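Read the structure below first, then the notes.
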Amino acid sequence: MLSKARIKFIKSLQVKKYRQQEQRFVVEGAKTVLEVLKSDYQTECLLGTEEFLRSHTQLLSGFKGEQILVNQKDMTSLGGFKTNDSALVIAKMKANDPISVERKDFVFVLDDIRDPGNLGTIIRICDWYGIEKIIASENTTELYNPKVLHSSMGSFTRVSLFYTDIGKFLSGGKHQVFGAFLDGESVHQVDWGSGGLVVVGNEAHGISGRIEKVIPRRISIPKYGGAESLNAAVATAVLCDNIRRSSI
């Protein structure tokens, strides 16, 4: 039975303040819910329609949390996306633990990415290209923002994010550091080596001056037309593709 208290709690988790207070977040939509259930996230409560619960009995047989049957109308009203009419989960946030970067890892470093859709898409792109680690500045939008989770399409369960002072992180000197600028060495000619840190800047202002000072290698995506700039997520996709092409 879906109580009024549970409804109020779920809706409160749409707000960052309450997510952080409760250390819980909500995931909506059948595909992303299934990704979470298969992951190492601790899921406490699953709300699903009769069809959803019946279609995934084998997976749910190992689910130890609470299961609540909800009709499609109530499901649509619970979350932030009208397209969700089948499933929703409440899960625990993971701790913001440091990520170990190995010499052969390619890791993206995000300098104040503010748009939730961009962050979610960047996570999804990294997942596509097998890049499993992202370092984000402390002002980058929150991973558990519903729009980030929605646009990542479940990839956030496979890509680790660590929020930190990226200036200090990049100054460590243990890995080669590339930064995406409008002027720099063409990504088509870059010798990427076997690993490194790739910095992508803010949607409006690019890489900040403070971070620019600790980036030894400026790289650029060649421009052939009249557009002023590229979307941060699109730029990430181009960079990922060139990194992977260099290893063929």
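Only one entry of Arg244, Arg158, Arg217, Arg210 meets the criterion of being at pLDDT 95 or above, more than 27 Å from Lys94 (Cα to Cα), within 21 Å of the chain's Cα centre (by Cα) and of a type in the set (D, E, K, R), and that entry is Arg244. Listed by first and then second residue, the pairs linking a residue in the stretch 226-248 that is basic (Lys, Arg) to a residue that is modelled with pLDDT of 95 or more, with Cβ atoms under 7 Å apart and 6 or more places separating them unless they lie on different chains, are Arg244/Tyr129.
Looking across the stretch 10-19 at every residue that is without any contact (Cβ under 8 Å) to a residue 12 or more places away in the chain and out of contact with any Ser or Thr (no Cβ under 9 Å at 6 or more places or on another chain), the one that is surrounded by the fewest Cβ atoms within 10 Å (Cβ to Cβ) is identified as Lys17. Among the residues that make up the stretch 159-170, is at least one of them in contact with a Leu (Cβ under 7 Å, 6 or more places away or on another chain), more than 19 Å from Val101 (Cβ to Cβ) and touching a residue at least 24 places away in the same chain (Cβ under 8 Å)? Scanning the stretch 159-170, I find no residue that is in contact with a Leu (Cβ under 7 Å, 6 or more places away or on another chain), more than 19 Å from Val101 (Cβ to Cβ) and touching a residue at least 24 places away in the same chain (Cβ under 8 Å), so the answer is no. Looking across the stretch 163-190, the residues that are at pLDDT 95 or above and acidic (Asp, Glu) come down to Asp165, Glu185. The number of residues in the stretch 184-232 being closer than 24 Å to Asp115 by Cβ and of a type in the set (Asp, Glu) comes to 3. Applying a threshold of 7 Å to beta carbon distances and a minimum spacing of six or more residues, or different chains, the list of pairs starting in the stretch 41-65 at a residue that is within 26 Å of Leu161 (Cβ to Cβ) and ending at one that is hydroxyl-bearing (Ser, Thr, Tyr) and outside any helix (DSSP H, G or I) reads Gly65/Thr43. If you go through the stretch 15-32 and keep only what is within 16 Å of Ala87 (Cα to Cα) and polar (S, T, N, Q), you end up with just Thr32.
The values are calculated or read from the model by the stated rules, or taken from the named source; none is laboratory data. The structure displayed is predicted, hence computed values, not measured ones. Every residue, glycine as well, gets a Cβ built from its backbone with ideal geometry; the counts of neighbours run over all protein chains shown.
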